[in-house]
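Shown next, in structure tokens, is the structure this report addresses.
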Amino acid sequence: MPNTRLNVSLPTHIVDDIKSLYGPRGISQFLEEAAQEKLDVLKREKYKALIEGYQATAESTVQVLKRFESAVTEKRDV
């Protein structure tokens, strides 16, 4: 997978903590993992809200479809 090079500014104490855990060349790995975890959470929350919205309107959608069912299923002379 291709990479994009970025110039990022972080507080020194955060960089020092990352280096102590991942080594001096592990900052990119840490930032990649952290960004992926955050994106996963945000996507899950977004999709959860969409699903809840669809579920909330499901019953009214079924009622509307039932009203139009005879028009759709009637045999027509065309």
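In this structure, is residue 33 surrounded by fewer than 10 Cβ atoms within 10 Å (Cβ to Cβ) and free of Cβ contacts under 8 Å to residues at least 12 places away in the same chain?
When the stated conditions are applied, residue 33 does not pass them.
Which of the residues that make up the stretch 24-67 are at pLDDT below 90, hydrophobic (A, V, I, L, M, F, W, C) and either within 18 Å of the chain's Cα centre (by Cα) or under 30 Å from residue 8 (Cβ atoms) (or both)?
Once the filter is applied, which keeps residues that are at pLDDT below 90, hydrophobic (A, V, I, L, M, F, W, C) and either within 18 Å of the chain's Cα centre (by Cα) or under 30 Å from residue 8 (Cβ atoms) (or both), the stretch 24-67 yields 49, 50, 51.
Considering only the stretch 17-42, state which residues are in contact with a helix residue (DSSP H, G or I) (Cβ under 8 Å, 6 or more places away or on another chain), hydrophobic (A, V, I, L, M, F, W, C) and more than 14 Å from residue 6 (Cβ to Cβ).
18, 21
The values are calculated or read from the model by the stated rules, or taken from the named source; none is laboratory data. Computed from a predicted model, the values in this text were never measured in an experiment. Using ideal geometry, Cβ is built from the backbone for each residue, glycine included, and neighbour counts are taken over all protein chains shown.
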